[in-house]
Structures are given as structure tokens and as C-alpha cells.
């Protein structure tokens, strides 16, 4: 067996002009949660518990687009979604349309463990949250000033905006810096999705994956993206655990998370080969990234856009946190 | 090469003792919908339009668990969901949590065609329906006495019921032994259609009311691209059965993946997914390939199904050996 391995992400598609301070903050957060996961793995917590633990931490921190700090809907509200999958028996849980649940990933876990279903959404999910006694807060708690500002810009531009983190001072500098790179038809300077995710393989070779997000800035009420969809944003089986981020629509139609283990199984590819293959061949014109671990203790990531906030580590001492290629 | 079409009205423990008065209307309905689909293909209607047309027809028939005739949630309400996918463009659309929309599959199509998103649900989807001016009716329109009765029985039995086409036999001396209920999701009576034209254009669509006595907000496999519905340039697949099994098995995508990555034929891939990769009693599917082949495997007692191909073959059936025509 290869030992444990872990990877985390805070979103794919990063503005090359992202202020250094924001880059540093992001790397610090990724490092912190990575270390949290590593400690947990060293104390033999199972993969499914580790991914939940790490994603909870990412949801609670307002830096990335999940939990507090989620992107806002067209009505200025927050609708959060998440999914989690446990490799050994491919059990899964997912939630969408949450407006008061502090940690969507934990509710997704409860759907998996404590309900007869795999996926609960909107009012039904909120009711379930109350039945289960999870921590709930007013919708305002999740809304940050940064995002209120971004929503305004998005509406002015009248386009769907991926959540982009800019300090409030940046707006007064005028129009977004010109960039030749685009995602979802928008210049990179106004695009930066920051779905969060974590994949883990523990010492027993069990894989797990978890993904959580507030979704697209200025999205229609009721819009569901790839993050809560098993096979698209999240997947885990006996071979691998995968979490994706990027253009939700491209990830869904490419069934991205499922593909990695499918090519491992059906084409006999190794983890990194599979990740590379999927990124190269399954995205067509879409932009996305993913993190993955294998039951053998390997960790890999790939993205076809400009940057992905990520961190990874494995039991052999390897550790890396990065944003760019 | 040539056109082909296949449709289903759900897979599950359809008892051989199904009384004639419950069998016949469903057989008639399958035949009727098949004829509509065949006529459309013969008049060169695009497969994407054909599958939408046929599923609309199935939704309107109260004998199947979709649209009118949808099974009820634990609160006695309907929550309908559907998805559709175009194999050429890989564009897709999905909806969940509909309560007043007469044809869920058509709303899914509009999400695909008229929004930058893939999936809308609950209030947001209902709002979108009104913006788009699709036909809506008071939710009581969708509720049939049969389903009220099913819900009552399920509540008495105090568990989630496999939707099958007769009441629960609580008294085991009355012939058929009580059919064991699955833990977790089960689905019978989902409807779906797949079609291919003479040029190899493929499409798939699936629609359902979900599980009897389901929790409000529960989402099944039907609106999940890659699980209940999938189409690409190789094949189109619509799955039915126990929602959780279809989701964790990414059934619809796996058929296409096995064709692509292992070079299997449609029939081999479909058989493999249904008979070797999912537990017995959980799954059925209909599929067509770009070459005009048809496959309709299932590992449950029966599956309401029908198919036809340009070479003149046609079939309407419920169980393995008793073809009706």
C-alpha cells in the first residue's frame, strides 16, 4: 500500500493579475487546511471523515466561494450546495439550495448517513437540517461585503460572473485589467471560481471526495451547478477520489469526476495519466481543474485554465501548495 | 445505419401476476408512444425533438410515474424532475422540484436552450417556467387517486416504497409474497426515451415523479446527467430503477464509457453495466447507438419498454419472455 495522500482546492481559473496579497492569503489558507488534514490522517481518521473535516474548514473561512463567502444569486442571496462520496461502497450524499446551514458538506454527509436518500435540496434540505440539529444561521451571515460589490459589478456587466476576489480598492481603478484569457466568455479579470474541495486516501487505501460551493455569481435562483452532482463535481470509488472545479456546465457534460476512475479502470491508465487524459480530452472548449487521489496513495491534479488554488501532500513527505502551473 | 428508438416506463419488481386491467393500459400507452416516436423519426424530426415529444406523451399518461400520475412525497405533494441531453452538442438541461409544470422534460429543454445554466430546481425552476410561458396547472392536476392510495399504504408500512404497479400485498397468504423493500432509493415508473436518426444523431430524455413517500426535496437519478440520462456521439442512454444505484453506478455514462474506452458494442456495454456492475434488482435502461442498434437490458423482474428500428424490428414488452408483439 502507498500510504495516505490528500489534496485540496480552492477553485480553478485565476486572474493572472490577482494581487499578491490575495495570492498569499489563499496559499496560507490552503496550507492550514492541508496541515489539518495531514494531522487527521496521521491520527488514523478515515478518509471520509478527513474530507468532511477539511471542507468544513474551507466553508467556514470566508476567503473562498463556499459557506461563508459564497457567491451571491441574482437576488443577492446565498444558495449553497455540496456533495460527498465514500469510495469503498460508493455511498454518497448531496445538498443544494441551502440558505442557513453553516456547513453544507456536513449536511451532505448526514444525507448520506442518516436519510434513505442521496440528495436533498431547497426547503426539504433545510427542514432536514433542522431535524438533524445542525448549526444554522441567518442568510446574512454568509454574505460578505466583497461579494455584494462583485454582484453589483456583475449586474452592471449583465453577465454571469464567476466569483472573483478583489479587494474593495481595486474597483476604483476602473475597468478590469485586459487579459487575453477568458472563461465562460468573460475575461479572466472578472472570473475566478472558487469552489472548494478535498480528496483523500487513507492508510487503508480508502478514497473519499468532497466538494462545496456557493455557485456562480449572479446565478438564477434555483440554479444547480456541478458541485453537488455525483459523477460531475465529485466522485469516489475503490480506485480513486476526485473533486472538480471550474465551469460547472462543462464539468457536468463531461462527467468529469467520474471520468478519471473510468479511464483508470477501462483503459488501465495510472492516476496522473488519467487526470491528464481527462483534462485534455473531456473538456472540449470548457475550462476546469480537478484534484485526485488513488487507492495506491498517489495524488495528482490537472487544469486547463489559468491557475488553480491547490495543495497536496502524501505520506512519503511530499507537500506542495500552488496557484499557477 | 438507420433510425432507432427505445422508450421505457420504468424498471422494477413488476409482478407477473399484474392484473390485466393494470397491464393493458400500460401496454397500450407504450405502443402509442412508440408509434408517435417512429412517425416523428420517419418524418425526419431531429432525435432531440423526438425524445422530448415522446417523453411529453409519457408524462401526460397517468399510468406512469411522471407528470400526471407522479408518485407523491411524504407530504402528499408532487415534485417532478427531468433531464434531456443532445448527443451532438453534449448540451443538456435538467429540472427538479416542479409542482405545476405540465411537462417537466420541456422545461428541462428550455433550461438547456434558453439559459446559461444546465439545471434549475424548485422555486427557481417554477419561476423560470412562468417566465417561459410553459403550460402550468394547479398541482392537484398531477395527483391521481391511485397515487394517494400508494402513499397511504407506504405510510402504513412506514417505509419508502418501490413504486410498482399494484398495492402492497400485506397479507402474504394472498398469493404474491410481499415484495421486499430496498433500503434507500428505489424507482419504478420513471419514463424515458432515446433516439437516433439515419445520420447518427443521438438524444436522450428521462422524467419522473420520484419515489413514493420520498422526503420533500429529495432528488433522484433522473435529472442527473451521467446517471439517469446521457448522450454523446456514440450512444444515448436513459436509465431507471433504484435511484441510489443508478447514481453511484453513473449508469448512463458508464454505458458510453465502456463503448469508448473498452471498444464494446452497445449491447455488450449495456449488458455489462446492468448485469455485472450494478446489484441485481436495481437497474434497467434503454439505449441506442449511432449505428442504429438498440439495447434494453434490466436486472429487475421487469421493465415497461418498447423499441423500433428502421429495419422493421419493433417490440413492446414488460418481462423477459413474454413479448406482446
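The values are calculated or read from the model by the stated rules, or taken from the named source; none is laboratory data. Quantities reported herein were computed from a predicted structural model and do not represent experimental measurements. No Cβ is skipped: glycine too gets one built from the backbone with ideal geometry, and neighbour counts run over all protein chains shown.
Conditions tested, residue by residue: (1) more than 10 Å from every other protein chain (Cβ to nearest Cβ); (2) touching a strand residue (DSSP E or B) at 6+ places or on another chain (Cβ under 9 Å); (3) within 16 Å of residue B:12 (Cβ to Cβ); (4) free of Cβ contacts under 8 Å to residues at least 24 places away in the same chain.
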position: B:203; (1), (2), (3), (4): yes, yes, no, no
position: B:213; (1), (2), (3), (4): no, yes, yes, no
position: B:221; (1), (2), (3), (4): no, yes, yes, no
position: B:226; (1), (2), (3), (4): no, yes, no, no
position: B:229; (1), (2), (3), (4): yes, yes, no, no
position: B:234; (1), (2), (3), (4): yes, yes, no, no
position: B:250; (1), (2), (3), (4): no, yes, no, no
position: B:264; (1), (2), (3), (4): no, no, no, yes
position: B:272; (1), (2), (3), (4): yes, no, no, yes
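Among the residues examined, residue A:118 qualifies as surrounded by 24 or more Cβ atoms within 10 Å (Cβ to Cβ), within 14 Å of chain B (Cβ to nearest Cβ) and either under 16 Å from the mean Cα position of the chain (by Cα) or within 29 Å of residue A:296 (Cβ to Cβ) (or both). With respect to the conditions (1) surrounded by fewer than 24 Cβ atoms within 10 Å (Cβ to Cβ); (2) at positive phi, residue B:260 lacks only one, and its number is (2). Among the residues of region A:121-130, just one is touching a strand residue (DSSP E or B) at 6+ places or on another chain (Cβ under 6 Å), free of Cβ contacts under 8 Å to residues at least 60 places away in the same chain and either more than 8 Å from chain B (Cβ to nearest Cβ) or not in a helix (DSSP H, G or I) (or both), namely A:129. With respect to residue A:179, determine if the residue is farther than 30 Å from residue B:248 by Cα, modelled with pLDDT under 90 and assigned to a loop (DSSP other than H, G, I, E, B). Yes: the conditions hold for residue A:179.
Yes/no matrix, rows are residues, columns are (1) out of contact with any helix residue (DSSP H, G or I) (no Cβ under 6 Å at 6 or more places or on another chain); (2) facing another protein chain (nearest Cβ under 9 Å):
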| residue | (1), (2) |
| --- | --- |
| B:83 | no, no |
| B:102 | yes, no |
| B:118 | no, yes |
| B:127 | yes, yes |
| B:132 | no, no |
| B:150 | yes, no |
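Only residues that are touching a strand residue (DSSP E or B) at 6+ places or on another chain (Cβ under 6 Å), at pLDDT 95 or above and part of a loop (DSSP other than H, G, I, E, B) were counted across region B:183-200, and they come to 0. Residue A:64 falls short on exactly one of the conditions (1) within 14 Å of chain B (Cβ to nearest Cβ); (2) in a loop (DSSP other than H, G, I, E, B), and that condition is (1). Evaluating residue A:23 against the criteria (1) assigned to a helix (DSSP H, G or I); (2) touching a helix residue (DSSP H, G or I) at 6+ places or on another chain (Cβ under 8 Å); (3) surrounded by fewer than 23 Cβ atoms within 10 Å (Cβ to Cβ) leaves one unmet condition, (2). If you go through region A:230-253 and keep only what is more than 8 Å from chain B (Cβ to nearest Cβ), surrounded by 24 or more Cβ atoms within 10 Å (Cβ to Cβ) and at pLDDT 95 or above, you end up with A:233, A:234, A:236, A:237, A:240, A:241, A:242, A:243, A:244, A:245, A:251. Yes or no: region A:265-278 includes at least one residue that is crowded, with 24+ Cβ neighbours inside 10 Å, farther than 20 Å from residue A:63 by Cα, within 14 Å of chain B (Cβ to nearest Cβ) and in contact with a helix residue (DSSP H, G or I) (Cβ under 9 Å, 6 or more places away or on another chain). Yes: region A:265-278 contains one or more residues that are crowded, with 24+ Cβ neighbours inside 10 Å, farther than 20 Å from residue A:63 by Cα, within 14 Å of chain B (Cβ to nearest Cβ) and in contact with a helix residue (DSSP H, G or I) (Cβ under 9 Å, 6 or more places away or on another chain). Here region A:288-300 is the region considered, the condition is being touching a strand residue (DSSP E or B) at 6+ places or on another chain (Cβ under 7 Å) and surrounded by fewer than 23 Cβ atoms within 10 Å (Cβ to Cβ), and the residue that is nearest to residue A:254 (Cα to Cα) is A:298. Entry remark, region B:64-81: residues being crowded, with 19+ Cβ neighbours inside 10 Å and either away from chain A (no Cβ under 11 Å) or out of contact with any strand residue (DSSP E or B) (no Cβ under 8 Å at 6 or more places or on another chain) (or both) number 11 in total.
Exactly one residue out of A:59, A:81 is outside any loop (DSSP other than H, G, I, E, B) and more than 14 Å from chain B (Cβ to nearest Cβ), and it is A:59. So, in region A:217-229, exactly how many residues are more than 8 Å from chain B (Cβ to nearest Cβ) and touching a helix residue (DSSP H, G or I) at 6+ places or on another chain (Cβ under 7 Å)? Total meeting the criteria: 3.
For region A:84-115: of the residues being buried (at least 17 other Cβ atoms within 10 Å of the Cβ) and over 20 Å from the mean Cα position of the chain (by Cα), which is farthest from the other protein chains (Cβ to nearest Cβ)?
Ranking the candidates gives A:88 first.
Residues in region B:290-323 that are in a strand (DSSP E or B) and surrounded by 19 or more Cβ atoms within 10 Å (Cβ to Cβ): 13 in all. Out of curiosity, is residue A:47 closer than 20 Å to residue A:127 by Cα, in contact with a strand residue (DSSP E or B) (Cβ under 8 Å, 6 or more places away or on another chain) and modelled with pLDDT of 95 or more? In short, no. Residue B:306 satisfies every condition listed in (1) within 14 Å of the chain's Cα centre (by Cα); (2) within 14 Å of chain A (Cβ to nearest Cβ) except (2). The criterion of at least 2 residues that are more than 20 Å from residue B:255 (Cβ to Cβ) is met by the following helices (runs of 4 or more DSSP H) wholly inside region A:240-325: A:248-253, A:271-281.
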